[in-house]
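Below: the structure, in C-alpha cells.
Each value in this text was obtained by applying a stated rule to the coordinates, not by laboratory testing. Only a predicted model underlies this, so the values are computations on that prediction, with no experimental measurement involved. In this analysis, Cβ positions are derived from the backbone assuming ideal geometry, glycine residues included, and neighbour counts consider all displayed protein chains.
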Amino acid sequence: MSDSFRHLIDVGDIDGLVRTIDDLTSDRDWESLYDLRLAAKAAASSGRQVWPAATLAEYRLALRAPAELAARVLDDAGRFTIGPLTEVIAQDHSFAELEPHLSAGPTQAYVAHERAIRGEVIDADIFPALDIPARCAAWEPTYLLPVYRDSHVEVPTPDMPHDFLTCGPSNAETHDDPEVSEAFRLLIEPWTIAESIDWGVKTWNVHPQRAINAARIAPMTSTEALTWLTWIGASGGPTGRRRGNAAGRFSTWWLLAALTDSLATWPPNESGSFDTLEWFWWDDGHVRQGWSIGIAVHDHRSGRSWSFDTQDRSVS
C-alpha cells in the first residue's frame with residue numbers, strides 16, 4: 001500500500017489519495033494512514049499540492065484512530081480541517097485515554113475542555129491556556145455538540161424563541177462600553193473577516209424593551225442565551241473555520257465577565273449564576289436569515305442594557 005500512495009503523492013492524484021484514505025479508514029489500517037499523512041505533509045512542504053490529502057488523513061486519524069495514534073496528529077495540524085482537531089478527537093476519545101499521549105500545553109488544555117463539555121470529569125492538572133475551569137459550572141447550559149462524520153460535520157442550531165413582544169420607537173441615549181464591545185468582537189471574531197457581516201454593540205441605562213429600535217423582542221432564559229452565545233463563539237461564521245465549543249465557552253465567559261464588571265477579578269466565580277442578567281432576542285419582525293444575530297441583555301444590578309447585532313448582507 002505504501003508504494004501505491006507514494007506514487008499517488010508523486011503525481012499529485014488527490015482523487016486517488018482520497019480513495020486510498022477511505023480504504024485505509026475502512027480497513028482500520030491506522031499506521032499506513034499515518035504514514036500517508038507524513039508523506040503527504042512532506043510533499044506539501046516541498047511545493048506539491050497534496051495538502052488536502054494530508055489534511056484529510058490527519059482528520060480521519062483524530063476522529064477514528066486509537067488514542068495513542070490519534071494524539072500524534074494534534075501538534076502542528078488541523079489548520080484546514082472542517083473543525084479543530086482538539087474538538088474532533090474529543091468526540092470519541094476520553095481525556096483519560098488521551099492524557100498519557102499529550103504533553104502539557106494549549107493542545108492538552110483544549111482537549112480537556114472539550115471533554116469536560118461532554119461531561120467527563122477532568123481530575124488532571126491542565127495547562128492554563130483558557131484560564132477557566134475544565135469543568136462546567138452549575139449555571140452553564142448543556143452545550144450543543146457537533147457530530148463529526150468522515151467527510152463533514154453536522155452542527156445543530158439553537159432554537160429560536162417564540163413569545164415575542166412589540167417594541168416601539170426609542171430615543172434612548174446610547175453610551176460607549178469598550179470592554180463589552182471588545183468582548184463581543186472577540187466572541188464573533190471569525191465572523192468579522194467576512195465582508196458581508198456588519199456588527200455592532202449598543203449600551204443604554206434603560207431596559208432593552210425601551211431602548212432597542214426593533215419591531216419585536218422576546219425573553220430568553222439564561223440557558224437559551226448562553227447556548228446561543230457559545231454556539232456563536234464556537235462557529236466560524238460565513239467564511240471562517242469552526243473554532244470549537246472550548247473556544248466558544250471561553251469567549252462566553254469573557255463576555256459575561258465584561259457585562260458584570262468582573263474582568264479585573266478574572267476568572268468569574270464559577271459558583272455564581274449571573275442571575276442579575278436578563279436576556280432577550282430581538283429582530284425587525286422577520287426571522288433572521290444567514291449569519292444574523294440579535295441578542296440583548298439587561299443587568300438588574302447596574303441598570304445597564306446592551307444589544308448585540310450582526311447583519312449578514314449576503315442574504316438581504
Note to self: For the ranges 276-283, 192-199, what's the packing order if you count other beta-carbon atoms within 10 Å of each residue, average per peptide, and put the highest first?
What the structure shows: 276-283, 192-199
Check: In a GNM of the chain with a 10 Å cut-off on Cα contacts, which of Ala137, Ala40, Ala246 has the highest mean-square fluctuation?
Finding: Ala137
Notebook entry, point to check: Ranking His113, His298 by Cβ neighbours within 10 Å, fewest first, what do you get?
Noted result: His298, His113
Checklist line | Globularity ratio of the chain, using Cα Rg and 2.2 N^0.38 Å | finding: 1.13
Item checked: Within a Gaussian network of the chain (alpha carbon springs, distance under 10 Å), most fluctuating of Ala116, Ala44, Ala138 -> Ala138
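Provide the convex hull volume over Cα atoms per residue for segment 165-315, in Å³. Let's see the in-between values first.
Numbers: hull volume 16.1 nm³, N = 151.
Value for segment 165-315: 107 Å³ per residue.
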Note to self: With Kirkwood's inverse mean 1/r over C-alpha pairs for Rh, give me the Rg to Rh ratio of segment 119-181, two decimals please.
What the structure shows: 1.12
Check: Mind checking which of Arg185, Arg79, Arg118 has the largest fluctuation in a GNM of the chain, springs on alpha carbons under 10 Å?
Finding: Arg79
Check: Relative contact order (percent) for the chain, with alpha-carbon contacts under 8 angstrom and 6 or more residues of separation?
Finding: 15 percent
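Please list the equivalent ellipsoid semi-axes of segment 2-135, computed as the square roots of five times the alpha-carbon gyration tensor eigenvalues, in descending order and whole angstrom.
30, 14, 11
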